[in-house]
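Asks: Have a look at the structure that comes next, please.
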Amino acid sequence: MGLVCDPKTFRPVDHSGVRWLDTERDYPLAAEFWPREIGLSLQDWQDARNQGYRYCAIVEGGRIVSLGAVWKYSRDRWEVAAIRTAPEFRGRGYAKRIVSFVTEHILASGRVPTCTVSAENVAMIRVVESVGFRKG
């Protein structure tokens, strides 16, 4: 399901605690957070950056508890992507803070925020709609 947001529909939330990840310095944090069945090599992490991904996260107790990215896939439209919260931290608003942070960045950059979500991922649909995304 493709969703879009614009300055008129955007409803930001407090996204304190969300920060951009440094590709080199924060790789160990990202690798630890990444799903074990997939794994994350340093080369994969660097390739993602080269493909237009910039990751952000909420880090607590020296570990990532929630992560997301902006994907600069076109000149005019950038995607809110890769939103994931550790299972033990779900239901606390972390994903909403990440989505708001990334969406605000995209809008401030003069781009259209987009988000692609599986129709079965009801929780994520609720999150993105709560900050102003709508079917587009």
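Read-outs throughout are calculated quantities, based only on the coordinates presented, and are distinct from any laboratory measurement. In this text the structure is predicted, and so the values were computed from the model without any measurement. Counting neighbours? That spans all protein chains shown, and the Cβs are built from the backbone with ideal geometry, glycine included.
Asks: Output ³J(HN,Hα) for segment 16-32: one whole-Hz value per residue in order, computed from phi by the Karplus curve 6.51 cos²θ - 1.76 cosθ + 1.60 with θ = phi - 60°, and x for Gly and Pro.
Replies: 4, x, 8, 9, 5, 8, 7, 4, 7, 5, 9, 4, x, 5, 5, 4, 5
Asks: Which aspartates and glutamates, on any chain, are close to residue 96 with Cα under 14 Å apart, when same-chain ones fewer than 8 places away are left out?
Replies: Residue 96 reaches 14, 104, 129.
Asks: Turning to a different aspect of this structure: Which lysines does residue 8 reach when only Cα atoms under 17 Å apart count, and residues fewer than 8 places away in its own chain are ignored?
Replies: 135
Asks: Taking the Cα centre of segment 1-103 as origin, sum charge times position over the Cβ atoms of Lys and Arg (+1) and Asp and Glu (-1), and report the length of that vector in debye to the nearest 20.
Replies: Values: 16 positive and 13 negative charges, 81 e Å.
Magnitude of the dipole: close to 400 debye.
Asks: Kindly list the residues of segment 87-122 that lie in the label zone of residue 76, defined by a backbone N under 13 Å from the point 7 Å along the Cα-to-C-beta vector.
Replies: Within reach of a label on residue 76, which here means backbone N under 13 Å from a point 7 Å along Cα→Cβ, segment 87-122 contributes 111-113.
Asks: If you take the Cα Rg of segment 1-52 and divide it by 2.2 N^0.38 Å, with N the number of residues, what do you get? Could the numbers behind the result be given before it?
Replies: On the way: Rg = 15.1 Å, N = 52, 2.2 N^0.38 = 9.9 Å.
That works out to 1.53 for segment 1-52.
Asks: Give, as ranges by residue number, the residues of segment 30-62 whose backbone N falls under 14 Å from the point 7 Å along Cα→Cβ of residue 121.
Replies: 35
Asks: What list of whole percents do you get for P(r) of the chain, with Cα-Cα distances grouped in 5 Å bins up to the one holding the largest distance?
Replies: 2, 11, 21, 24, 21, 15, 6, 1, 0
Asks: Could you give the length gained by full extension between residue 9 and residue 36, i.e. 0.36 nm per residue of separation minus their alpha carbon distance, to one decimal place? The partial results should precede the final answer.
Replies: Values: separation 27, 0.36 × 27 = 9.72 nm, distance 3.67 nm.
Net length gain for the segment: 6.0 nm.
Asks: Here's something else I'd like to know. Based on the alpha carbons, how large is the Rg to Rh ratio for segment 64-115 when Rh follows Kirkwood? Intermediate results must be reported in sequence, preceding the final value.
Replies: Values: Rg = 11.5 Å, Rh = 11.2 Å.
So for segment 64-115, dividing Rg by the Kirkwood Rh gives 1.03.
Asks: Let me ask you something else. Please give the helix 94-108 orientation as an angle from the longest Cα principal axis of the chain, in degrees from 0 to 90, rounded to the nearest 10.
Replies: Between helix and principal axis, roughly 60 degrees.
Asks: Net charge around residue 114, counting only other residues with Cβ within less than 12 Å of its Cβ (Lys, Arg = +1; Asp, Glu = -1)? Spell out each step's value before the answer.
Replies: Numbers: positive: 72, 77, 111, 134, 135; negative: 6, 76, 79.
After counting each charged neighbour, the total is +2.
Asks: Beta carbons within 10 angstrom, averaged per residue: use that to sort the peptides 97-108, 46-57, 25-36, highest first.
Replies: Working: 97-108: 22.7, 46-57: 16.4, 25-36: 14.0.
Going from most to least packed, we get 97-108, 46-57, 25-36.
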